[in-house]
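A short write-up of the structure that comes next.
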Amino acid sequence: MSTIGIRNVNKFYGNLQVLKNVDLSIGSGEFTVLLGPSGCGKSTLLSAIAGLEEIQEGAIELAGRDVTHVEPAKRDIAMVFQSYALYPTMTVASNMSFGLRVNRTPKPEIEERVQWAARLLQIENLLDRKPSQLSGGQRQRVAIGRALVRKTPVYLFDEPLSNLDAKLRTEMRVEIKRLHQTLGATMIYVTHDQIEAMTLATHIAIMRSGVVEQFGHPEDLYQRPASLFVAGFIGSPSMNFLPGKLSPNGSGVGLELPGLGGGQQAVDVGAYPFAAPAKAGDITAGLRPEDIELVNDGPALEGKTLFVEPMGADSLAWFDVAGHRVSVRLKADDGKRVGDTARLAVPTDKVSLFDPSSENRV
Amino acid sequence: MSVAIDQVAAPPAPAPRRFQMKPSRIGLYAFLIISALFFLIPLLIVFNTSLKPMDEIRTGDIFDLPIDPSFAAWAEAWTSACTGRNCEGIRVGFWNSVKILVPSVIFSILISAINGYALAQWRFKGSELILGALMLGAFIPYQVILYPMVRILSTVGLYGSLPGIIVVHIIFGLPVLTLIFRNFYSGIPIELIKAARIDGAGFFRIFFSIMLPMSTNILIVAVILQVTGIWNDYLLGLIFAGRENLPMTVQLNNIVGSVTGERTFNVDMAATMLTALPPLIVYFLSGRYFVRGITAGAVKG
């Protein structure tokens, strides 16, 4: 078990800065997911933690030890690669034991650890095969097994599931979560898949163009996104954004939204946890599809129904609200009853407000 | 009526395709056969003549088949053909060639493989420059370098010795072989190296445990190139090997060139065949790997 400190790390490829002042503290035994779109620097950050990429500024600490200039082999980490990176000429057992053999671990112990990892991953019957004789899912298990036998306090995963088909991906996701609970090791996991991130992580660091936009618990990121980017990236379908106006008054804070009907110009968001006292002016309001309810009366957004997508467990209804497309998640039965128009209640307790110029949460 | 119905129900199966020779095909085969003969006839004449006694050669045509084929000339070429006053046969040259060949092939391939692996997988400062220098080295005709090479080797005391000729072969083999290995190793995913580094393996451990076992095909290509190249070499052996270590090719030339009395064509031809055999055997045994290895790097890493 081990804490990881990433201290103001900057990395450049020539003139291109790929990591900008990345600063994270990862607690012992946590499952941290680095999430972001392609090219956001998440894999580079993982490689920097592994020691496979040099960083120009900042420091990396593992278990309180500064390892910025330490070789990958001496950092006490194990890593699983996206392409599995199994040694093609070795059997599964030799693949798994290679690291131990390099480090001159005694033979009986190597044998024991390989058996232990193989049992844990249910690949005992594959130990004598070559990687080319395995399916994608089996190769992934072997790649994880190769990391496990090292019994390091930190495991790094670089998009380990992205080469698998959807069904296997779900299975392996559960498997990895189970491993984390069994081993209690610190794990860092890179992915661009928000479902993997939400289901696996105890903490998520969401990245964009080399910057960590937000670092926190998955629920925090989902409920209280720190920026428009985070709000739009997490959640499927993504959060609905509406341009509005804030107008603080004596008793509370009024939020004007386009298409607001029911005899009212604004809804009151006085209970919103403003970071700084609310200022009058333009604002972007973010509403999660599942937070919006269809109502018959009271203040609500007047919407024209575009279409309804039945998804089995629930339905997704799309409305046109004063020229903005808004999605609402409904119960499967309610989805069938949506008419040509609908009234969408604004969930004032669950709304997220962003400054349109800085794109940050207010 | 029933016949008609049958015909409708089951249309006649297409007649089995007869083997048809189009004129273009005939032309193609004719060209191939003539080309093959063009290259084979000298070899056939050499082989044919080596099986005849001198009487037949003197009286007959070179295309006449031997009346009583015998390998007597081969035996003579191997054990007692003369180069000047020395009459121990071409076997002396054969063993000299083997002594030159084996270490030259092993070391040139090993060093080139390590070089190629370093250039392909470990980006270091100046690696591009070294690659450029190698490209240049691969295309410089070696006649240009002969004299400087002689001076260098005589300075370090290796000129005219077995280690001298071996060093020369290794050096002249390096540029092309390094490029071949570099291209092969460039096709291997970098993540393999990363995984091995995390597993704690160093530069040489990765090379010997992971890269080399993956290189069978390209190693065979390199072995073929080096064996045929070094065995067939004449110029370098003549210049650098020294009087005691002249390779088989040089000795063959001496046997053919030293005439005392009548020219013994059958012995000369037998000696030629003996000299040409080893590379031929290497080709026949591993030709298919050669093709496979050359294309291997292109398709899959």
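Any read-out appearing in this document is the output of simple, stated calculations on the displayed coordinates, not a laboratory observation. Predicted model only: the values in this text are computed from it and were never measured. Every residue, glycine among them, receives a Cβ derived from its backbone with ideal geometry; neighbour counts consider all protein chains shown.
Numbers at a glance
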item: Set of the range B:260-284 residues, backbone N closer than 19 Å to the point 7 Å along the Cα-Cβ line of residue B:87; result: B:260-271
item: Neighbour-count order for B:204, B:240, fewest beta carbons within 10 angstrom listed first; result: B:204, B:240
item: Relative contact order of chain A, defined on C-alpha pairs under 8 angstrom at six or more residues apart (%); result: 15 percent
item: Calculated diffusion of the range A:1-56, Stokes-Einstein form, Kirkwood radius summed over Cα pairs, 10 °C and 1.306 mPa s, µm²/s; result: 133 µm²/s
item: Stokes-Einstein translational diffusion, the range B:32-187 - Kirkwood Rh over all Cα pairs, 0.692 mPa s, 37 °C, in µm²/s; result: 165 µm²/s
item: Distance histogram in 5 Å bins (all Cα pairs of the range B:213-273, percent per bin); result: 4, 16, 19, 16, 15, 13, 8, 5, 3, 2, 1, 0
item: Residue order, fewest to most surrounding Cβ atoms within 10 angstrom, among A:28, B:209; result: A:28, B:209
item: Förster radius 22 Å - calculated FRET efficiency between residue B:263 and residue B:55, Cβ distance, rounded to 0.05; result: 0.95
item: Value at 222 nm in deg cm²/dmol, rounded to 500, when DSSP H runs of n ≥ 4 in the protein assembly as shown each add -39,500 (n - 2.57); result: -14500 deg cm²/dmol
item: Sites residue A:236 and residue A:268, calculated FRET efficiency, Cβ-Cβ separation with R0 30 Å, nearest 0.05; result: 0.50
item: √(5λ) per eigenvalue of the Cα gyration tensor, the protein assembly as shown, largest first, Å; result: 75, 35, 23
item: Candidate lysines for bridging to residue A:304, where Cα separation is under 17 Å - those fewer than 8 sequence places away on the same chain excluded; result: A:336
item: Once the Cα gyration tensor of the range A:1-138 is diagonalised, semi-axes √(5λ) in Å; result: 32, 18, 14
item: Most mobile of B:165, B:230, B:145 in a GNM of chain B (Cα contacts under 10 Å); result: B:145
item: Calculated FRET value between residue A:170 and residue B:138, using beta carbons and R₀ = 60 Å, to 0.05; result: 0.70
item: Hits among lysines - C-alpha to C-alpha of residue A:20 under 25 Å, sequence gap 8 or more where chains match; result: A:11, A:42, B:194
item: Range in chain B, longest, excluding exposed trypsin sites (Lys or Arg not before Pro) [loop by DSSP; at most 15 other beta-carbon atoms within 10 Å]; result: B:126-262
item: For the range A:39-132, size of Cβ-based charge dipole, Lys and Arg +1, Asp and Glu -1, in debye; result: 360 debye
item: Inter-centroid distance (Cα atoms) of the range A:165-179 relative to the range A:285-362, Å; result: 32 Å
item: Acute angle (nearest 10 degrees) that the helix A:166-183 long axis makes with the longest principal axis of chain A, alpha-carbon atoms; result: 70 degrees
item: When the convex hull of its Cα atoms is projected in every direction, mean area for chain B (nm²); result: 29.1 nm²
item: The range B:62-97: chymotrypsin sites (Phe, Trp or Tyr not before Pro) falling in loop per DSSP and having at most 11 other Cβ within 10 Å; result: B:63
item: 15 Å Cα-Cα reach of residue A:279 towards aspartates and glutamates, excluding residues that sit fewer than 8 places from it in its own chain; result: A:256, A:268, A:355
item: Residue with peak Gaussian network fluctuation, chain A [Cα springs, cutoff 10 Å], from A:27, A:250, A:286; result: A:250
item: Burial ordering of B:169, A:192, A:217, A:69, fewest other beta-carbon atoms within 10 Å first; result: A:69, A:217, A:192, B:169
item: Whole-number D in µm² s⁻¹ for the range A:99-218, Kirkwood Cα-pair radius fed into Stokes-Einstein, 10 °C, 1.306 mPa s; result: 101 µm²/s
item: Cα-based equivalent ellipsoid, the range B:89-130: semi-axes from gyration tensor eigenvalues, Å; result: 36, 8, 5
item: Normalised alpha carbon radius of gyration of chain A [divisor 2.2 N^0.38 Å]; result: 1.19
item: Three principal axis lengths of the range B:158-301 [C-alpha, angstrom, descending]; result: 73, 36, 19
